[in-house]
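This report concerns only the one structure given below.
Just so it is clear, none of the values below were taken in a lab; they were calculated from the coordinates. The structure displayed is predicted, hence computed values, not measured ones. Note: ideal-geometry Cβ built from the backbone for every residue, glycine included; neighbour counts use all protein chains shown.
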């Protein structure tokens with residue numbers, strides 16, 4: 001195994017990372033925090049932490065796991081953190097590097113940008129067009145003199161968004177919207193900020209990327225991952241084998257029943273996405289993301305939508321053992337109840353937004369989502385993390 005993909009609190013970004021690694025040909029294993037044993041880390045060359053909330057990721061790691069990560073890198077391993085995974089390595093979290101997060105940032109940039117690259121680095125071999133994607137990145141401040149910037153923000157592209165504003169349509173009005181929204185929106189403030197940083201740690205390296213190389217359909221991102229495979233992981237030209245599905249086996253009644261249950265939840269989630277789309281609250285961005293209207297719970301719905309879609313797809317592909325199905329059934333306890341509660345609350349919030357133009361606090365909103373509107377908690381957090389564990393089980397099942 002070349003790489004371990006740490007999925008805790010990654011959700012949609014974890015699905016992107018999984019699929020990108022499959023496309024890149026990197027041999028990898030999907031893991032959760034409890035799997036971070038000395039034996040596992042001994043068997044891999046790199047630890048990949050996808051995007052997500054770094055605070056929640058940190059909370060999932062006990063002291064043993066935190067020490068194990070540092071020992072792994074100092075012994076010669078590679079840490080690759082994307083966005084939230086990069087923040088996890090910073091001094092406010094794991095403290096692997098003397099790099100911090102700045103409060104002065106453009107918090108809601110999403111989409112493509114032009115990146116100034118260190119063309120001498122092997123990661124960028126064969127990269128002709130420096131177009132990459134950012135999805136709500138933090139701003140990093142480097143305090144470590146040994147840190148090397150491999151890529152920095154050069155120019156925003158017109159199809160990118162800041163909050164729910166497409167830059168190509170609103171460049172001239174950003175100052176007015178900044179007053180209205182109360183946040184920084186002008187991406188010119190990001191010019192020159194580091195997006196890809198390499199830091200030595202002992203015999204190993206920490207690679208922090210605010211660039212989502214795992215963005216679906218990003219040819220440049222995929223090429224960088226393939227270069228990472230050849231440069232960091234398998235420099236001697238090893239063959240890569242990706243396990244294929246056996247589509248000829250017949251599924252059990254228990255698996256079909258489980259598939260129907262998840263398909264029902266997926267269809268209910270899809271119906272809500274379509275409702276939001278029809279009412280101009282969600283707008284498709286390609287076939288892999290939606291932009292939500294400022295003020296609604298968009299990412300929470302997308303996390304559920306894409307998680308259910310991936311689970312239904314995987315349950316449809318191959319016959320699983322009865323023992324494995326029983327494990328999944330145990331993991332999915334209460335998922336249906338939680339899902340219906342969460343979806344109902346999101347729908348009522350959306351309806352309230354359509355009437356009032358803003359989200360009011362429904363009686364059960366705090367119970368389901370927690371108090372922090374900039375993060376998530378409550379029953380939703382329990383639900384999405386259980387779905388993540390179901391996904392990990394399915395990905396490991398073959």
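Restricting to the range 3-233, compute how many DSSP beta bridges are antiparallel as a %, nearest 5. Before the final figure, lay out the partial values.
Numbers: 28 of 44 bridges.
So the antiparallel bridges in the range 3-233 amount to around 65 percent.
Assign one of three labels to the range 105-159, namely rounded, prolate or oblate, based on the Cα gyration tensor with a ≥ b ≥ c the square roots of its eigenvalues; rounded applies when a/c is under 1.5, prolate when it is not and a/b is larger than b/c, and oblate otherwise.
On the way: a/c = 2.72, a/b = 1.09, b/c = 2.49.
Oblate.
For the modelled label position 7 Å from the Cα of residue 159 along Cα-to-Cβ, which residues of the range 89-117 have backbone nitrogen atoms closer than 13 Å?
Only 111-114 pass the distance filter.
With a point put 7 Å past each Cα toward its Cβ, work out how far residue 91 is from residue 180 in nm, to one decimal.
Taking the simple label geometry, residue 91 and residue 180 are separated by 3.9 nm.
Measuring from label point to label point, each 7 Å out along Cα→Cβ, what is the residue 283 to residue 326 span in nm?
5.1
Could you work out how much longer the chain between residue 309 and residue 32 gets when fully extended? Use 0.36 nm per residue separation minus the Cα distance between them, nm to one decimal. Please report the intermediate quantities before stating the final value.
Details: separation 277, 0.36 × 277 = 99.72 nm, distance 2.08 nm.
Between residue 309 and residue 32, full extension yields an extra 97.6 nm.
Describe numerically, in nm with one decimal, the distance between label points set 7 Å from Cα along Cα→Cβ at residue 71 and at residue 259.
4.4
What is the distance in Å between the Cα centroid of the range 46-89 and that of the range 195-218?
If you average the Cα positions of each part, the centres end up 12 Å apart.
Mind giving me the FRET efficiency for residue 219 and residue 270? R0 is 35 Å, r the Cβ-Cβ distance, nearest 0.05 is fine.
Values: r = 28 Å, r/R0 = 0.81.
Plugging the Cβ-Cβ distance into 1/(1 + (r/R0)^6) gives 0.80.
Using only the Cα atoms of the range 3-233, build the gyration tensor, take square roots of its eigenvalues as a ≥ b ≥ c, and label the shape rounded, prolate or oblate: rounded if a/c is under 1.5, else prolate if a/b is larger than b/c, else oblate. Write down the numbers at each step before the final one.
Values: a/c = 1.78, a/b = 1.53, b/c = 1.16.
Prolate, since a/c reaches 1.5 and a/b exceeds b/c.
Could you tell me the relative contact order of the chain? Use alpha-carbon pairs under 8 Å, at least six residues apart, and round to a whole percent. Don't jump to the answer; show the numbers that get you there.
On the way: 704 pairs, mean separation 64.4, N = 398.
Relative contact order comes out at 16 percent.
Which of 219, 67, 293 has the fewest other C-beta atoms within 10 Å, and how do the rest follow up to the most?
Numbers: 219 11, 67 14, 293 19.
Fewest-to-most ranking of 219, 67, 293: 219, 67, 293.
Before rounding to the nearest 500, sum -39500 (n - 2.57) across all DSSP H runs of length at least 4 in the chain and divide by the residue total; then give [θ] at 222 nm in deg cm²/dmol. If you can, show how the numbers build up before the last one.
Details: 14 runs with 165 residues, N = 398.
Value at 222 nm, helices only: -13000 deg cm²/dmol.
Looking at the chain only, what percent of DSSP beta bridges run antiparallel? Nearest 5 please. Numbers along the way, then the final one.
Working: 32 of 48 bridges.
Percent antiparallel among DSSP bridges in the chain is about 65.
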